[in-house]
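Structure, as structure tokens:
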Amino acid sequence: MTRVSFDVNGETHQLELDTRTTLLDALREHLHLTGTKKGCDHGQCGACTVIVDGRRINSCLTLAVMHQGDEITTIEGLGTPDGLHPLQAAFVEHDGYQCGYCTPGQICSAVAMLAEVKAGIPSHVTDDLNAPVRLTNAELRERMSGNICRCGAYSNIAEAISEVAGRSA
Amino acid sequence: MRFEHPATFNPIDQLKVIGHPTSRIEGPLKTTGTAPYAYERHDVVADQAYGYVVGAAIGKGRIAAIDLDAAKAAPGVLAIVTAENAGKLGKGARNAAPLLGGPEIAHYHQAVAVVVAGTFEQARAAAQLVRIDYVKGDGKFDLAAERDHVSVPDPKIGGPADTAIGDFATAFAAAPVQLDASYTTPDQGHAMMEPHASIAAWDGDRLTVWTSNQMIAWGAEDMAKTLGIPKENVRLVSPYIGGGFGGKLFLRADVLLAALGARAAGRPVKVALQRPLMFNNTTHRPATIQRIRIGAERDGRITAIGHESWSGNVSEGEPDMAVSQTRLLYAGANRMTATRLAALDLPEGNAMRAPGEASGMMALEIAIDELADKLDIDPVALRIANDTQVDPEHPQRRFSQRQLVRCLNEGAARFGWNKRNAKPGQVRDGRWLVGMGVAAAFRNNLVTKSAARVRLDQQGRVTVETDMTDIGTGSYTIIAQTAAEMMGLPLDKVVVRLGDSDFPVSCGSGGQWGGNNSTAGVYAACTKLREAITQKLGFNSEEAVFADGAVRSGNRSVPLAQAAGAGDLVAEDAIEYGDLAKTYQQSTFGAHFVEVGVDADTAEIRVRRMLAVCAAGRILNPKTARSQVIGAMTMGVGAALMEDLAVDKRHGLFVNHDLAGYEVPVHADIPHQDMIFLDETDPISSPMKAKGVAELGICGVAAAVANAVHNATAVRVRDYPITLDKLLAGMPV
């Protein structure tokens with residue numbers, strides 16, 4: 001057992017954890033923040049995406065004790081049912097989900113992805129590494145491809161993200 | 001309520017709430033991570049321990065010995081359940097292979113033990129210490145090799161193994177134009193995002209499980225049967241389901257092992273199937289080999305159509321009914337189908353989204369494209385030429401509605417089909433070879449009993465309770481819309497509670513029967529509640545109007561909040577069907593149009609445009625219904641281009657048993673999708689005049705992709721998935 005402390009959604013948590021505990025299980029099983037989903041536990045599906053110090057990560061692929069002092073944002077930190085984040089509202093409006101299980105990961109991923117674009121971070125499909133990154137259809141889809149939606153809501157998710165990003169899908 | 005005659009005008013036809021593209025009422029919960037799924041119910045019972053499942057490491061054979069000593073001694077371990085110490089177990093009526101294997105092993109990754117410990121990490125670590133000696137048996141894992149050693153099955157659903165009308169052999173032999181081609185579809189996995197997961201808690205001899213299941217009553221019944229306890233002692237709760245696609249129709253190992261683990265550990269236990277176990281442990285869509293023969297006149301009229309299909313399964317398993325649609329989709333006087341079943345020792349094959357038609361349309365709709373090529377007739381025109389408004393096997397049976405021709409015509413116009421070059425391999429866009437493909441969509445509409453309970457309270461709210469499930473289909477929303485329409489209430493005055501075996505038994509979610517039947521059950525219950533309200537108020541029920549939160553009759557108007565009086569008014573009823581499904585053929589139709597680009601050098605395939613036009617009765621909510629169809633189109637792209645459970649024919653397992661190895665479509669694979677519904681109401685189907693739509697969307701789409709690839713490259717691939725290695729040798733230079 002090891003002590004670790006980190007901030008989740010602006011609140012500091014002190015935990016004493018089995019060192020084998022993933023950040024995902026620390027959130028879900030210890031802090032009961034179950035909005036972050038376990039789809040595969042192997043970094044293959046993206047359902048567990050959270051934002052750590054501004055970057056999106058698969059929380060199943062990292063141990064909780066590696067996050068001493070980190071600032072973590074989960075889906076619960078973005079908005080509430082009565083006070084939705086603009087992306088959450090856009091997902092509802094565009095029906096950017098069906099079963100809802102990949103949804104928190106999609107939304108966390110999209111929030112961080114838009115920040116990456118703003119920061120000029122290129123992707124696999126960026127043509128010109130010297131020009132500012134434009135969020136084209138190809139860029140959006142490439143950058144979101146780590147988040148699987150088996151219900152197949154991709155077309156609607158792209159529209160929801162595009163609306164918030166101020167462009168058309 | 002008995003539904004015996006075609007529906008006439010009823011309160012649903014007001015369309016004040018029904019038919020509107022309402023956003024999902026549970027949307028704010030799902031998008032904020034506050035909708036509770038099975039494994040995360042910290043709120044329902046204290047002191048939950050963790051179960052970790054051990055799967056069999058052989059495809060066929062038996063366990064010689066299990067050594068649990070090291071695992072038992074590991075930190076935190078509370079109990080280990082195997083077939084040796086589980087006590088006598090029965091088998092659910094809907095399970096072929098036993099959910100807990102041992103000593104006999106029926107298939108790879110069949111569960112053989114669950115290790116229960118205080119934490120997940122402890123359970124996982126201890127599970128690695130379970131030592132099992134196996135004796136490998138000789139298993140049969142190769143469908144193609146078994147093709148000549150098959151049985152004639154007696155399918156429980158989907159029709160008889162053999163059908164014949166007229167004289168197929170003679171008509172086919174005499175036809176001036178003939179097509180005789182074979183196609184294969186691989187094993188496919190549901191790969192829903194939420195793993196099968198359950199929490200189980202015993203209270204004396206009563207068991208409650210919080211689980212992820214599409215069919216609550218089936219699950220409760222099969223759980224009782226497997227454990228050998230009365231059905232009344234089992235409660236199953238499943239309000240949110242992270243995807244199912246048929247994979248969660250049945251009792252599976254997670255829920256049984258949670259129950260057994262909880263009994264052994266003496267405290268509640270939760271179990272999620274580990275993702276790498278799911279593909280071999282649970283069910284899958286079985287692979288098929290299909291042979292299609294079509295004989296036609298030179299003008300395109302089909303005179304003979306034959307479809308044969310081979311699939312395999314474990315003992316007691318069913319065949320894939322890939323021939324189903326061929327009995328109904330196209331005209332032709334001489335017809336035959338044949339379904340054969342091989343005994344295989346791969347994991348259990350069972351329903352996956354549109355079982356039967358999904359596989360069958362993958363083959364049939366390429367065959368029609370090939371026939372169009374032979375005839376030199378446009379494939380849209382060929383389909384239209386062979387339309388039928390009656391069941392071709394029983395011409396006195398009409399389709400209740402059949403707008404396939406309109407779907408094809410309207411789709412062709414919207415998609416710009418007239419720009420397609422009928423000669424394949426001709427169109428270039430930079431490095432891309434571009435092609436267009438079309439396919440029909442077809443899936444039957446099934447009607448089945450469904451019950452609900454509705455309660456009017458003193459706040460003027462109506463609460464609907466039914467064991468119906470919402471697997472992403474939009475059940476919460478369309479049920480709320482139905483109750484709101486029936487009772488004259490705004491949507492926010494309706495509360496919907498689903499997925500609990502304490503509620504009246506619904507149709508459940510499967511076979512695209514959920515939407516129409518579950519709302520018809522709510523319609524029946526609301527009709528009864530309306531009668532109870534008018535009776536209580538002394539209103540003439542024929543004249544009473546429910547609108548704007550009140551009930552009116554003549555010049556009297558009473559708010560519903562008052563109508564409830566001192567207590568709640570409760571009504572319960574079910575929709576039950578007469579023989580309209582026998583006198584009419586009820587089906588849903590559509591047309592898929594796809595444009596692909598194929599890289600001229602690498603043969604990489606990209607889907608560039610997709611359009612589906614569907615006719616499926618009244619669309620209760622165009623927003624959620626559209627999502628069902630585009631989601632199915634996405635899964636169809638997976639079936640066309642990537643999904644393939646690779647069989648290890650020596651050891652008898654699906655090798656690519658995780659989400660990295662079993663490839664499904666991701667964002668980058670799917671362009672913007674267009675989808676429209678034709679205006680249709682089907683008064684034959686139910687008082688809702690709606691039909692199923694969730695599975696229609698996957699039927700045919702893979703073939704439309706395949707036909708587009710052929711149009712782009714002139715290479716015809718008949719073995720799914722269409723991967724670039726199958727194109728390279730034949731690519732235009």
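Remark: A:HIS94 falls outside the filter, which requires a residue to be at the interface with chain B (Cβ under 10 Å from one of its Cβ atoms), surrounded by fewer than 22 Cβ atoms within 10 Å (Cβ to Cβ) and over 24 Å from B:SER238 (Cβ atoms). Could you please find all residues in the stretch B:371-421 being out of contact with any Leu (no Cβ under 7 Å at 6 or more places or on another chain) and among the polar types (S, T, N, Q)? Answer for the stretch B:371-421, where residues must be out of contact with any Leu (no Cβ under 7 Å at 6 or more places or on another chain) and among the polar types (S, T, N, Q): B:ASN386, B:THR388, B:GLN389, B:GLN396, B:SER400, B:GLN401, B:ASN409, B:ASN418, B:ASN421. For the stretch B:42-70, filtering for residues that are within 19 Å of B:GLN274 (Cβ to Cβ) and under 31 Å from the mean Cα position of the chain (by Cα) leaves 10.
Look at B:LYS649 and say whether it is surrounded by fewer than 22 Cβ atoms within 10 Å (Cβ to Cβ) and modelled with pLDDT of 95 or more. Against the criterion (surrounded by fewer than 22 Cβ atoms within 10 Å (Cβ to Cβ) and modelled with pLDDT of 95 or more), B:LYS649 qualifies. Residues in the stretch A:29-70 that are within 19 Å of B:THR32 (Cα to Cα), touching a strand residue (DSSP E or B) at 6+ places or on another chain (Cβ under 8 Å) and of a type in the set (A, V, I, L, M): A:LEU31, A:LEU33, A:VAL50, A:ILE51, A:VAL52, A:ILE57.
Please go through the stretch B:241-284 and pick out each residue that is more than 23 Å from B:LEU78 (Cα to Cα), in a helix (DSSP H, G or I) and within 14 Å of chain A (Cβ to nearest Cβ).
Residues satisfying the conditions are B:ARG275, B:PRO276, B:MET278, B:PHE279.
Out of B:GLN426, B:GLN401, B:GLN396, which single residue is of a type in the set (S, T, N, Q), in a strand (DSSP E or B) and either surrounded by fewer than 23 Cβ atoms within 10 Å (Cβ to Cβ) or touching a Gly at 6+ places or on another chain (Cβ under 8 Å) (or both)?
On the way: B:GLN426 fails: in a strand (DSSP E or B); B:GLN401 fails: in a strand (DSSP E or B).
Within the list B:GLN426, B:GLN401, B:GLN396, the selection yields B:GLN396.
In the stretch A:12-24, is there at least one residue being outside the structural domain of A:CYS149 (by TED's automatic domain parsing) and within 15 Å of the chain's Cα centre (by Cα)? Please lay out each step first, then the result.
Here is the first cut: in the stretch A:12-24, the residues outside the structural domain of A:CYS149 (by TED's automatic domain parsing) are A:12-24.
Next, from what is left, pick out any that are within 15 Å of the chain's Cα centre (by Cα): A:23-24.
Yes, there is a match, as at least one residue in the stretch A:12-24 is outside the structural domain of A:CYS149 (by TED's automatic domain parsing) and within 15 Å of the chain's Cα centre (by Cα).
Against the numbered list (1) away from every other protein chain (no Cβ under 14 Å); (2) outside any strand (DSSP E or B); (3) not acidic (Asp, Glu), B:ILE471 comes up short only at (1). Please indicate, with yes or no, whether at least one residue in the stretch B:220-233 is among the small types (Gly, Ala, Ser), more than 14 Å from chain A (Cβ to nearest Cβ) and buried (at least 23 other Cβ atoms within 10 Å of the Cβ). Among the residues of the stretch B:220-233, at least one is among the small types (Gly, Ala, Ser), more than 14 Å from chain A (Cβ to nearest Cβ) and buried (at least 23 other Cβ atoms within 10 Å of the Cβ), which makes the answer yes.
Residues satisfying the criterion are present in the stretch A:46-67 (criterion: facing chain B (nearest Cβ under 8 Å) and within 20 Å of B:ASP658 (Cβ to Cβ)).
Within the stretch B:118-132, is even one residue in contact (Cβ under 8 Å) with a residue 60 or more places away in the chain, loosely packed, with under 15 Cβ neighbours inside 10 Å and among the β-branched types (Val, Ile, Thr)? No: the stretch B:118-132 contains no residue that is in contact (Cβ under 8 Å) with a residue 60 or more places away in the chain, loosely packed, with under 15 Cβ neighbours inside 10 Å and among the β-branched types (Val, Ile, Thr). Every condition in (1) in contact with a strand residue (DSSP E or B) (Cβ under 7 Å, 6 or more places away or on another chain); (2) over 27 Å from B:ARG298 (Cβ atoms); (3) at pLDDT 95 or above is met by B:ASP205 except one, and the failing one is (1). When the stretch A:139-163 is limited to residues that are of a type in the set (A, V, I, L, M) and either out of contact with any Asp or Glu (no Cβ under 9 Å at 6 or more places or on another chain) or farther than 17 Å from B:GLU194 by Cα (or both), the one that is surrounded by the most Cβ atoms within 10 Å (Cβ to Cβ) turns out to be A:ILE157.
Residues that are assigned by TED's automatic domain parsing to the domain that holds B:ALA413, buried (at least 19 other Cβ atoms within 10 Å of the Cβ), among the charged types (D, E, K, R) and farther than 27 Å from B:GLY189 by Cα occur in the stretch B:687-707; there is at least one.
Results for (1) touching a residue at least 60 places away in the same chain (Cβ under 8 Å); (2) crowded, with 20+ Cβ neighbours inside 10 Å; (3) within 14 Å of chain A (Cβ to nearest Cβ); (4) closer than 25 Å to B:GLY90 by Cβ, shown as yes or no for each residue.
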| position | (1), (2), (3), (4) |
| --- | --- |
| B:LYS156 | yes, no, no, yes |
| B:GLY166 | yes, no, no, no |
| B:PRO176 | yes, no, no, no |
| B:GLN188 | yes, yes, yes, no |
| B:SER212 | yes, yes, yes, yes |
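Taken together, the residues in the stretch B:128-154 that are under 24 Å from B:LEU645 (Cβ atoms) and either within 14 Å of another protein chain (Cβ to nearest Cβ) or in contact with a His (Cβ under 9 Å, 6 or more places away or on another chain) (or both) amount to 4.
Quick check, is B:ALA706 at pLDDT below 95, in contact with a helix residue (DSSP H, G or I) (Cβ under 6 Å, 6 or more places away or on another chain), among the small types (Gly, Ala, Ser) and within 23 Å of B:ALA441 (Cβ to Cβ)? Taking the combined requirement at face value, the residue does not satisfy it. A:ALA47 satisfies every condition listed in (1) over 11 Å from the mean Cα position of the chain (by Cα); (2) crowded, with 24+ Cβ neighbours inside 10 Å; (3) among the small types (Gly, Ala, Ser) except (1).
Take the conditions (1) touching a helix residue (DSSP H, G or I) at 6+ places or on another chain (Cβ under 8 Å); (2) more than 10 Å from chain B (Cβ to nearest Cβ); (3) touching a residue at least 24 places away in the same chain (Cβ under 8 Å); A:ARG167 misses just one of them, which is (1). Just to be sure before I move on: is B:ILE684 crowded, with 18+ Cβ neighbours inside 10 Å, more than 10 Å from chain A (Cβ to nearest Cβ) and in contact with a Ser or Thr (Cβ under 6 Å, 6 or more places away or on another chain) in the structure I sent? So B:ILE684 fits the description; yes. For the stretch B:621-671, a residue qualifies if it is assigned to a loop (DSSP other than H, G, I, E, B), farther than 24 Å from B:VAL717 by Cα, touching a residue at least 12 places away in the same chain (Cβ under 8 Å) and facing chain A (nearest Cβ under 7 Å), and the qualifying residues are B:ASP658, B:LEU659.
Residue-wise test of (1) more than 8 Å from chain B (Cβ to nearest Cβ); (2) outside any helix (DSSP H, G or I); (3) touching a residue at least 24 places away in the same chain (Cβ under 8 Å); (4) not basic (Lys, Arg).
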position	(1), (2), (3), (4)
A:TYR101	no, yes, yes, yes
A:ALA110	yes, no, yes, yes
A:LEU114	yes, no, yes, yes
A:VAL117	yes, no, yes, yes
A:GLY120	yes, yes, no, yes
A:ASN130	yes, yes, no, yes
A:GLU142	no, no, no, yes
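Within the stretch B:294-329, can you find the residues that are assigned to a loop (DSSP other than H, G, I, E, B), of a type outside the set (Asp, Glu) and over 24 Å from the mean Cα position of the chain (by Cα)?
Filtering the stretch B:294-329 down to residues assigned to a loop (DSSP other than H, G, I, E, B) leaves B:297-301, B:314-323, B:328-329.
Now narrow it down to the ones that are of a type outside the set (Asp, Glu): B:298, B:300-301, B:314-315, B:317, B:319, B:321-323, B:328-329.
Listed by number, the residues that qualify are B:ARG298, B:GLY300, B:ARG301.
Any residue at all in the stretch A:71-91 that is assigned to a strand (DSSP E or B) and at the interface with chain B (Cβ under 8 Å from one of its Cβ atoms)? Yes, there is a match, as at least one residue in the stretch A:71-91 is assigned to a strand (DSSP E or B) and at the interface with chain B (Cβ under 8 Å from one of its Cβ atoms).
The values are calculated or read from the model by the stated rules, or taken from the named source; none is laboratory data. Treat the numbers as computed from the prediction; the structure is a model and nothing was measured. Reconstructed Cβ throughout: ideal geometry from the backbone, glycine too, with neighbour counts over all protein chains shown.
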